[in-house]
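The values are calculated or read from the model by the stated rules, or taken from the named source; none is laboratory data. None of these values were measured; they are calculated from a predicted model. Quick reminder, even Gly has a Cβ in these numbers, built from the backbone with ideal geometry, and neighbours come from all protein chains shown. These area figures cover heavy atoms from the full protein model, side chains too; ligands, DNA and RNA do not enter into them. Shrake-Rupley method; radii C 1.70, N 1.55, O 1.52, S 1.80 Å.
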Amino acid sequence: VEHRVRSYLDSNCASCHRPGGVRARFDARFDTPLAEQYLVNGPVNSHDSIAGSFLARPGDPSRSMIVHRMLDGTRPMPPVGVNVRDQAAIALMCEWIDSLPSPPDVPTTPDPGPPVTDGSIAATRAR
């Protein structure tokens, strides 16, 4: 699953999300080791973040901004050629995030507030 997710990120995100690219702080290139991508528990550099969210929050796709942006109809990612949500890619991303272990040095937020409640993630996972 990780190989497929990282391949997706490289082909759909790395042209912008890389050193010297957009202001987002993660590196989506496949050749960058996962621990150096700043994706898992990576800081969110956005004004529209969800309470308690990270770029990819282990075990919690509803508080993972990468999934939120893939579902966002107003600011979709990837930004070019997205007229229809890639449900298979979103489901794969959710599966990968669910499988990630939470590192012991990253504190969990006791009550980060309600997760995304529009049903999009749950509906995507059910497919």
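Here are the numbers:
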quantity	calculated
Failed item, numbered, when Asp27 is tested on (1) at pLDDT 90 or above; (2) open to solvent by 30 Å² or more (accessible area, probe 1.4 Å); (3) charged (D, E, K, R)	(2)
Selection within the stretch 73-94 - surrounded by 15 or more Cβ atoms within 10 Å (Cβ to Cβ) and of a type in the set (D, E, K, R)	Arg85, Asp86
Residue count for the stretch 1-15, restricted to those that are farther than 18 Å from Leu71 by Cβ and touching a residue at least 12 places away in the same chain (Cβ under 8 Å)	7
Flag if Val67 is at pLDDT 90 or above and in contact with a strand residue (DSSP E or B) (Cβ under 6 Å, 6 or more places away or on another chain)	no
Some residue of the stretch 99-117 being open to solvent by 30 Å² or more (accessible area, probe 1.4 Å), modelled with pLDDT under 80 and touching a Ser or Thr at 6+ places or on another chain (Cβ under 6 Å)	yes
Scope the stretch 5-24; condition open to solvent by less than 50 Å² (accessible area, probe 1.4 Å) and hydrophobic (A, V, I, L, M, F, W, C); matching residues	Val5, Leu9, Cys13, Ala14, Ala24
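To keep it simple, each residue is scored yes or no on (1) touching a residue at least 24 places away in the same chain (Cβ under 8 Å); (2) closer than 20 Å to Arg4 by Cα.
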residue: Val22; (1), (2): no, no
residue: Phe26; (1), (2): yes, yes
residue: Ala35; (1), (2): no, yes
residue: Pro61; (1), (2): yes, yes
residue: Val67; (1), (2): yes, yes
residue: Met70; (1), (2): no, yes
residue: Thr74; (1), (2): no, no
residue: Gln87; (1), (2): yes, yes
residue: Asp98; (1), (2): yes, yes
